[in-house]
Amino acid sequence: MSGVRAGGVVTLGETMALMSSDTWGPLQHSRAMTMGIGGSESNVAIALRRLGVDVTWIGRVGEDSLGDLVAREIGAEGVSVRAIRDPDAQTA
């Protein structure tokens, strides 16, 4: 696969966009939300990259703003991102 580094690690899976309230209680009473990402494969990829390992994350996300968020945040950690963008699906 083009872009995958020899001797590195490849992780595969579904990383999701996460929304969390800045306060405790029902979301309907929350005044602000924080956006992030989560998924075991991306967590492992990011942790290994922080330890200096060459890592490629392969996943499928929607062709939407949450898919942009997932790909951008993983890439910002220095992980090589190979995101399949699906115009017919929404990012989880």
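The values are calculated or read from the model by the stated rules, or taken from the named source; none is laboratory data. All values reported here derive from a predicted model rather than from experimental measurement. No Cβ is skipped: glycine too gets one built from the backbone with ideal geometry, and neighbour counts run over all protein chains shown. Just so you know, the surface numbers come from the protein's heavy atoms only, side chains and all, with ligands and any DNA or RNA stripped out. Shrake-Rupley method; radii C 1.70, N 1.55, O 1.52, S 1.80 Å.
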Among the residues of the stretch 11-31, the number that are in contact (Cβ under 8 Å) with a residue 24 or more places away in the chain, of a type outside the set (Val, Ile, Thr) and assigned to a strand (DSSP E or B) is 3
Considering only strands (runs of 3 or more DSSP E) fully contained in the stretch 32-92, which possess at least 2 residues that are over 14 Å from MET16 (Cβ atoms) and hydrophobic (A, V, I, L, M, F, W, C)?
-> 55-62, 80-86
Residues of the stretch 30-58 being surrounded by fewer than 17 Cβ atoms within 10 Å (Cβ to Cβ) and in contact with a helix residue (DSSP H, G or I) (Cβ under 7 Å, 6 or more places away or on another chain), which ones?
-> MET35
Taking the stretch 72-92, which residues are touching a Leu at 6+ places or on another chain (Cβ under 9 Å) and farther than 15 Å from VAL44 by Cβ?
-> GLN90, THR91, ALA92
Within the stretch 59-92, can you find the residues that are in contact with a Gly (Cβ under 9 Å, 6 or more places away or on another chain), open to solvent by 70 Å² or more (accessible area, probe 1.4 Å) and not charged (D, E, K, R)?
-> ILE84, PRO87, GLN90
